[in-house]
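Below you'll find the structure, written out as structure tokens, and then a few comments.
The values are calculated or read from the model by the stated rules, or taken from the named source; none is laboratory data. Here the structure is a predicted model, which means the values were calculated and not measured. We place every Cβ from the backbone using ideal geometry, glycine too, and count neighbours over all the protein chains shown.
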Ligand code: GLY
């Protein structure tokens, strides 16, 4: 088992090992004084892994309850958050009891925000089941729900007590979702590790999963420890996300998050090359790696529509937005961009 320690406002461990789900109870028990655990999950994931997780928790002395939410980003709503809180209250859960998020990013965000706010905070453990959640959303304490169709508009930072990453759970992940996770993996490589990028060029992600998970999680841990509350360096993790979130919004979630991040990364690489910031050859390597991983690289929306969607971006401050721009594979910088110049970046990135 690989273990990565995170020292943020709360310190916690991230364990990575195949078959870890079975040991969840014994790993969680010492961290929780209460005796009850609510396992929050989407319907599909609960059918696959809900019972094995509940059994593992019960073997360690927990009384378990399942809570299923509707799957999909469009269900990460205030109404579903409220429903979960009402359920916790109905069950008379206390602050020392436990919420486990068993699922992908939607489940982690929804359950995490409920855990952070119910009775001002209860114990929270993440058991990510998607590649995207394993390498990104389960680490670092971001929780949120959407407001109308705007992403992550209401939420808070709330670090979990533990993260259990079991790559065996990826075997049942639909192929499209797996590819979405690959986009986040490639993001880490472009962001800060040229050797890692070359490693991804040599061998498919699925053939080196544990090593890939450990590298991505360690990179995220380092950034979160230096900038937990997203005031500076953590914004680098938004590589591909500013344009990507706009694509996601314009598509009304028909384009999945990871696909949108891939399109966003391709767009910013094209724009950076057009502006002479990124060498053309490095742009081509980024586009090729995305493409080889089955990810989209072309944008179907107009610069004007994307620009309007970007006005809702949380990273906007006044009349400027911070774009994360690659200078080399393995090195990116934050470029404060006036809204008036954004359409130019979008057009150079390939928007119509
Ligand atoms: N997913 C970006 C972050 O955690 O900051």
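State whether the residues of the stretch 100-117 include one that is within 30 Å of residue 227 (Cα to Cα), surrounded by fewer than 22 Cβ atoms within 10 Å (Cβ to Cβ) and in contact with a strand residue (DSSP E or B) (Cβ under 8 Å, 6 or more places away or on another chain).
yes
Do any helices (runs of 4 or more DSSP H) lying entirely in the stretch 142-233 carry at least 2 residues that are within 15 Å of the ligand (Cβ to nearest atom) and farther than 21 Å from residue 323 by Cβ, and which ones are they?
Here the list reads 175-192, 209-226.
Do we have any residue at all in the stretch 167-188 that's over 23 Å from residue 209 (Cβ atoms) and buried (at least 24 other Cβ atoms within 10 Å of the Cβ)?
Looking through the stretch 167-188, none of the residues is over 23 Å from residue 209 (Cβ atoms) and buried (at least 24 other Cβ atoms within 10 Å of the Cβ).
Kindly list the number of the only condition in (1) outside any strand (DSSP E or B); (2) surrounded by 15 or more Cβ atoms within 10 Å (Cβ to Cβ); (3) at pLDDT 95 or above that fails for residue 288.
(2)
Kindly check whether there is at least one residue in the stretch 10-20 that is over 20 Å from the mean Cα position of the chain (by Cα) and surrounded by 17 or more Cβ atoms within 10 Å (Cβ to Cβ).
yes
Take the residues in the stretch 124-141 that are more than 10 Å from the ligand (Cβ to nearest atom) and part of a helix (DSSP H, G or I), then tell me which one is surrounded by the most Cβ atoms within 10 Å (Cβ to Cβ).
If we take residues in the stretch 124-141 being more than 10 Å from the ligand (Cβ to nearest atom) and part of a helix (DSSP H, G or I), then 134 is surrounded by the most Cβ atoms within 10 Å (Cβ to Cβ).
Restricting to the stretch 248-278, and then to whatever is modelled with pLDDT under 95 and farther than 18 Å from residue 133 by Cα, can you tell me which residue is nearest to the ligand (Cβ to nearest atom)?
That would be 249.
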